[in-house]
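After the structure tokens below, expect a handful of questions from me.
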Amino acid sequence: MLSKRLEEALNKQIQIEAESSQVYLSMASWAEVQGLEGVAGFMYGHSDEERMHMLKLVKYVNERGGHAKITTLKAPKIEFGSFQKMFEELYEHEIFVSKSINDLVHICLEEKDYATHNFLQWYVAEQIEEEALARTVLDKINLIGDDKGGLYLFDRDVQQITVESAAMDNPQ
Ligand code: FEO
């Protein structure tokens, strides 16, 4: 059985993951309208992953005798200005999510809930990968700068940038 404090904290994380899914969906739509199909595909895929992160938490909370609450979400931005700015936001957003997961792990230890601590290790590992991927993509975008040809190639290849290649670019 989850403690009330941990149930609330997990519910907050459910909201964060759902909002992340909306943020990336909005980025996908903006990129699609700008004509960058590859970037849009990357973002649509990322949005689906965030929904999966959210669902996994919903099921866990309910399985442990809590109640996963599906709430109103903060609306994401709808304009991102430039691709560079958009990918900067993505990277910063993932750092924010990692911090939130770390806080959650800390609460598990305080509440002595080792089952939830164990469950959250998947998220801890996932955040390392998500941050590495976001940093790799941002580094590439920064290298391209305003070069239209570079952006064309980036758009063509962005969906091939995987967590594995990101890990090779950013050895821990
Ligand atoms: Fe579910 Fe991208 O953090």
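Has the range 136-151 got at least one residue that is within 16 Å of the ligand (Cβ to nearest atom) and not hydrophobic (A, V, I, L, M, F, W, C)? Even if it seems obvious, please write down each step before you answer.
From the range 136-151, those within 16 Å of the ligand (Cβ to nearest atom) are 136-138; that's our starting set.
Adding the requirement that they be not hydrophobic (A, V, I, L, M, F, W, C) leaves 136.
Checking the range 136-151: at least one residue is within 16 Å of the ligand (Cβ to nearest atom) and not hydrophobic (A, V, I, L, M, F, W, C).
Now for a separate question. Got at least one residue in the range 25-37 being more than 16 Å from the ligand (Cβ to nearest atom), over 15 Å from Phe80 (Cβ atoms) and either in a helix (DSSP H, G or I) or touching a residue at least 60 places away in the same chain (Cβ under 8 Å) (or both)? Quick ask: steps written out before the conclusion?
Residues of the range 25-37 more than 16 Å from the ligand (Cβ to nearest atom): 29-37.
Keeping just the survivors that are over 15 Å from Phe80 (Cβ atoms) gives 37.
Within this subset, residues satisfying the condition of being either in a helix (DSSP H, G or I) or touching a residue at least 60 places away in the same chain (Cβ under 8 Å) (or both) are 37.
Within the range 25-37, one or more residues are more than 16 Å from the ligand (Cβ to nearest atom), over 15 Å from Phe80 (Cβ atoms) and either in a helix (DSSP H, G or I) or touching a residue at least 60 places away in the same chain (Cβ under 8 Å) (or both).
For the range 77-121, give me each residue that is away from the ligand (no atom under 11 Å from the Cβ), of a type in the set (A, V, I, L, M, F, W, C) and assigned to a helix (DSSP H, G or I).
Phe83, Met86, Phe87, Leu104, Val105, Ile107, Cys108, Leu109, Ala115, Phe119, Leu120
Restricting to the range 3-24, and then to whatever is without any contact (Cβ under 8 Å) to a residue 40 or more places away in the chain and more than 11 Å from the ligand (Cβ to nearest atom), can you tell me which residue is farthest from Val124 (Cα to Cα)? Working first, answer last.
Here is the first cut: in the range 3-24, the ones without any contact (Cβ under 8 Å) to a residue 40 or more places away in the chain are 4, 8, 21.
Still in the list and also more than 11 Å from the ligand (Cβ to nearest atom): 4, 8.
Details: Lys4: 22, Glu8: 19 Å.
This residue is Lys4.
Going through His106, His117, His67 one at a time, which residue ends up being free of Cβ contacts under 8 Å to residues at least 12 places away in the same chain, open to solvent by 10 Å² or more (accessible area, probe 1.4 Å) and over 16 Å from the mean Cα position of the chain (by Cα)?
Details: His117 fails: free of Cβ contacts under 8 Å to residues at least 12 places away in the same chain; His67 fails: free of Cβ contacts under 8 Å to residues at least 12 places away in the same chain.
It is His106.
Given Met27, Met52, which one is modelled with pLDDT of 95 or more and open to solvent by less than 80 Å² (accessible area, probe 1.4 Å)? Even if it seems obvious, please write down each step before you answer.
On the way: Met52 fails: open to solvent by less than 80 Å² (accessible area, probe 1.4 Å).
Of the residues listed, the single one that is modelled with pLDDT of 95 or more and open to solvent by less than 80 Å² (accessible area, probe 1.4 Å) is Met27.
The values are calculated or read from the model by the stated rules, or taken from the named source; none is laboratory data. Only a predicted model underlies this, so the values are computations on that prediction, with no experimental measurement involved. Methodologically, a virtual Cβ is constructed for each residue, glycine included, from the backbone with ideal geometry; neighbour enumeration extends over all protein chains shown. These area figures cover heavy atoms from the full protein model, side chains too; ligands, DNA and RNA do not enter into them. Shrake-Rupley method; radii C 1.70, N 1.55, O 1.52, S 1.80 Å.
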